[in-house]
1. Can you list residues whose amide H is under 5 Å from F129's amide H, if they're 5+ apart or on another chain and H is modeled 1.01 Å from N?
2. Could you work out how much longer the chain between Q441 and S218 gets when fully extended? Use 0.36 nm per residue separation minus the Cα distance between them, nm to one decimal.
3. Note down the accessible area of T224, probe 1.4 Å, to the nearest 10 Å².
4. What list of ³J(HN,Hα) couplings, whole Hz, do you get for segment 399-410 from phi and the Karplus terms 6.51, -1.76, 1.60, once you set θ to phi - 60° and write x for glycine and proline?
5. Output wanted: per-residue J couplings in Hz (rounded whole) for segment 531-538, from phi through Karplus 6.51 cos²θ - 1.76 cosθ + 1.60, θ = phi - 60°, x for Gly and Pro.
6. When all protein chains stay in place, what accessible area (Å², nearest 10, 1.4 Å probe) is found for W342?
7. May I ask you to rank E381, E405 by accessible area, largest first, using a 1.4 Å probe over the protein chains only?
8. Using a 1.4 Å probe and counting only protein heavy atoms, arrange Y106, Y66, Y135 so the residue with the most accessible area comes first.
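The values are calculated or read from the model by the stated rules, or taken from the named source; none is laboratory data. Every value quoted in this text rests on a predicted model; they were computed, and no experiment measured them. Cβ placement follows ideal geometry from the backbone for every residue including glycine, while neighbour counts extend to all protein chains displayed. Calculation scope for accessible area: heavy atoms of the full protein, side chains included, ligands and nucleic acids excluded. Shrake-Rupley method; radii C 1.70, N 1.55, O 1.52, S 1.80 Å.
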Amino acid sequence: MEIRVPYKNLKQVEMTTLAEQEYPEAQPKAQAHMQECSLITLVLCCTVAAGVQFGWALQLSLLTPYIQTLGIGHKFSSIIWLCGPITGFVVQPCVGIWSDRCCSKYGRRRPFIFAGSLLISIAVIFIGFSVDIGYLIGDTKEHCSTFKGTRIRAAIVFTIGFWVLDLANNIVQGPARALLADLAGPHQLNVANAIFCSWTAVGNVLGFLAGSYGNWHSLFPFLTSRACCEACGNLKAAFLVAVIFLSLCTLVTLCFAKEVALVSKQHHRLLGSAPLLDEAGELKKKSDFETEDTPITIATAEEDEVETFNASPRAILVNVVTSIRHLPMGMHSVLIVMALTWFSWFPFFLFDTDWMGREVYHGNPEGNAAEMHAYDQGVREGAFGLLLNSIVLGISSFLIEPMSERIGSRLVWALGNLMLFACMAATAMITLISVKQSGEQSMLAIKNASLVIFAILGLPLAMTSIVPFSITAELTADTGGGQGLAMGVLNLAVVVPQMVVSLGAGPWDALFGGGNAPAFILASLSALAAGVYAALKLPKPSNTCYKPAALHCG
């Protein structure tokens with residue numbers, strides 16, 4: 001007989017598997033690990049979240065506009081973002097399982113965090129210096145202020161760096177959260193998650209603030225060159241600051257996160273089971289292990305003989321996909337609402353700053369000097385709007401739990417989608433009004449209204465980042481270890497819409513003149529459908545399990 005518990009909640013139970021007669025050398029470490037971490041240790045161990053999110057915020061605010069300055073058309077710019085959902089679907093679950101089984105003497109999570117952070121730094125340097133590299137390997141020698149064509153070599157270098165950056169982000173994020181779960185005691189999980197989300201918010205605010213600052217090229221004039229003008233110099237400097245900030249955050253996490261190295265002969269047992277026999281050979285009682293945070297499921301040895309664990313990417317993905325038909329009742333409705341919701345959010349994440357530069361500020365990244373200046377100013381203003389969005393997101397995330405307890409999760413999620421519908425529809429209206437207006441006062445009002453929409457969207461984004469995961473956790477609470485698998489399936493409802501939008505948003509916009517309004521209109525309709533479906537079809541779980549699960553991390 002074997003006892004099965006969620007790995008992230010193994011604390012004292014985890015240590016009982018290290019029997020003294022089998023692994024006496026592990027006992028001192030085991031006893032130390034049984035103590036709960038101090039609050040300051042948890043705070044320091046989460047700093048890597050701020051470093052990763054700083055770079056992600058810059059990526060969201062600057063990279064779609066920047067690729068267009070290299071001569072890549074608007075209709076193709078969204079395809080570059082295709083890597084994000086692909087790596088999110090493939091890399092995160094695989095890296096999570098591989099880190100569970102890592103037997104490095106430095107711990108299970110820290111090697112992945114270090115490798116991912118190093119890869120992020122390399123990718124960011126490639127992105128920032130893509131124009132200079134392209135210049136060296138054969139792009140035009142014409143000055144960047146006058147050349148309006150395509151820099152194909154710089155675009156290739158940029159795309160490679162962009163895809164590597166998305167890959168590296170996904171390598172770090174999973175182990176960073178798992179590390180926090182490993183170190184937090186059974187009664188510290190909510191506090192630890194709040195700390196992690198707080199660092200995420202800090203990274204968001206600092207990243208969008210850096211993206212909205214337009215004088216980096218003045219502070220670091222040596223970063224501009226014949227191939228790299230002001231916009232390029234600003235991006236290059238902001239990303240170099242991101243590398244330094246990430247390096248410091250990663251160093252703090254690696255130094256203060258004291259992991260217990262996994263004994264190589266024990267990794268299969270630690271992943272999901274612990275023997276039920278005590279040292280005297282007597283069968284232990286289920287109550288000896290069961291705690292408030294560790295649901296228990298009993299499996300016979302005969303069942304485990306048939307069960308094998310395959311950590312290959314193909315096996316992991318097949319397991320996630322095929323499990324859809326075995327989901328608990330109500331989960332299919334959750335998946336539908338989640339997919340419709342992300343059909344709405346992803347166009348905004350792709351084109352938010354580009355929309356500010358084009359439709360609100362009437363700029364053009366491939367136009368004359370005045371149009372390029374207006375576009376850059378709009379992009380920076382869009383980054384400031386995302387800064388406001390992050391502040392509202394961080395504050396409103398603490399309101400989701402009482403709202404769910406008061407009116408129910410179904411209505412909270414439906415309300416969030418209806419708010420998203422209203423805001424995305426408002427962007428289309430602003431686009432139409434902006435085209436017809438030319439007065440200074442009118443344009444100022446339009447710009448301010450755009451910033452208000454950016455800020456308001458922080459509230460429905462908080463609902464999207466918390467409520468679906470709370471509902472999923474409650475619907476799968478009685479399935480034992482199936483919660484993790486259900487979360488993996490829920491991730492499908494996020495990445496599939498992102499893939500569709502990445503492939504189709506640019507060409508769709510091109511059919512109607514190349515602006516961003518067509519994609520935003522489709523996003524508003526999808527949000528409306530999600531809100532109506534959520535109000536009518538979502539199950540009615542109890543209102544007792546709503547703890548903020550996450551903030552938006554890309």
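1. Answer set, sorted by chain and number: none.
2. On the way: separation 223, 0.36 × 223 = 80.28 nm, distance 3.02 nm.
Between Q441 and S218, full extension yields 77.3 nm more.
3. 50
4. For segment 399-410, the Karplus-derived couplings read 8, 5, 4, x, 5, 5, 5, 7, 10, x, 5, 4 Hz, x marking Gly and Pro.
5. Using θ = phi - 60°, the values come out as x, 5, 5, 4, 5, 9, 10, 5 Hz.
6. 30
7. If we order E381, E405 from most to least accessible, we get E405, E381.
8. Y106, Y135, Y66
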